[in-house]
1. First select every other residue whose beta carbon is under 9 angstrom from the beta carbon of E219; then total the charges, Lys and Arg +1, Asp and Glu -1.
2. If packing is taken as the average count of other Cβ atoms within 10 Å, what order do 205-216, 287-298, 37-48, 10-21 fall into, highest mean first?
3. Setting aside same-chain residues fewer than 8 positions from K13, which lysines have a Cα under 30 Å from its Cα?
4. Quick one: net charge of R126's neighbours, Cβ under 9 Å, K/R +1, D/E -1?
5. Considering only protein heavy atoms and a probe of 1.4 Å, how much of the accessible area of region 1-78 is carbon and sulfur, as a whole percent?
6. Under 26 Å Cα to Cα from K2, which lysines show up? Leave out anything in the same chain fewer than 8 places away.
7. I want the antiparallel fraction of DSSP beta bridges within region 260-378, as a percent rounded to 5.
Amino acid sequence: MKTTKLTTVTLEKSTDVARLRDVAMTLTSVLQFSSFERTRTVTAVVELGRNAIEHGQKGRATFSLTEASGKPALGLLVTDQGRGIPKENLQPDGAPSSATGMGLGLRGVQRIATRFDVQTGHEGTRIDAVFLSSAVLPAGAQLVEQATEALDALSAKDPTAALNEQNRELSEEITERDLLMQELHHRTGNNLALIAALIRMSKSRAKQDETHQVLTELEVRVGALSKAHELMQRGTDTGKVDLAEMAAEVARTSERAFSGGSLDANIEVSCAELQLDSKLAIDIGLIIGELITNAFKYAFVGRDSGTIRVEVSGDVQSGIALVVSDNGIGLPSDAERPERSNSLGWRLIRTLTFQHDATLTVDGTDGLRVCIEFPAQA
């Protein structure tokens, strides 16, 4: 028969031992342990739980229905986060011995259990034990149903203990999820940095102007995403990004990306102190990068210098205004309206503006001035 998990008890404080004892008593009853077998098994379970609490800092005990010698048996997996069992307390074959002589001791548990395995190291200890009843038991599926009903009845007798256990399991799951998310974000940040480095390397080797231009634009976009990711990781308010720092970094990335040519353009950034939802902040950062890119490409034709200004004002309650302007050549009267351009950059700007119900206006009479007004954020 396959092993079926029945329940888990968190081991943090001495009061958890009582819950552990009750669960062990309930399950040994379902498995029809004799009075002597039950006393020995429950004592062994309690000993393992106390060891996890006293020496392992924190642990958990997972009960299961398993098999031993071809018969249904009670499985118990106890894990902790301690420093492991010292080598001097382990016999040559890896079996534990008691250094204090107090309590039953792991050696005593090993004599009681039908199977007993210890894995220990600096990351903690894992003890896998199996206890067998001498009774003739029904099929596994029926036993699982009986065990589940008995555990439900136990929880009904003490709903507070059951609720506390559920809350702690949920808290542990949230902690584990947060650790996984941190690892995911760390790897994502590393990947973005690697992509940016590869883009710069490819750009330095590009022989055609068009290829060089495309890679430069891509460098700005990846740079905006990379900075947004970094700020989300550093932010103390989950899901919030410092827009001022992000706008400044997008400007620096753009200057670096477009440097080395004949044009010397200065980018000035003025941004209110705003902590924005990450989605909105990332989209504004991408828009800023696209508008700066457009200015570098088209605003200063025939000139060797120029100024690009990025201004963000307002707040989340009243709305945010983004203005990107330059002192370049502006728009000739017969020029195609840039906001209707079919270029990738302008399509991206229009899409992001639309997603946030913002309004877009362009003035090309004195240089180019693009204003995007975002509504108040609920």
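The values are calculated or read from the model by the stated rules, or taken from the named source; none is laboratory data. Note that the structure is predicted; figures quoted are calculated from it, not measured. Glycine gets a Cβ as well: all are built from the backbone with ideal geometry, and neighbour counts include every protein chain shown. These accessible areas exclude ligands, DNA and RNA; they are computed on the full protein's heavy atoms, side chains included. Shrake-Rupley method; radii C 1.70, N 1.55, O 1.52, S 1.80 Å.
1. Result for the local shell: +3.
2. 287-298, 37-48, 10-21, 205-216
3. Within the straight-line cut-off, K13 pairs with K5, K58, K87, K157.
4. Here the count lands on -3.
5. So the carbon and sulfur contribution to the accessible surface is 47 percent.
6. Cross-link targets: K71.
7. Here the antiparallel bridges make up roughly 70 percent for region 260-378.
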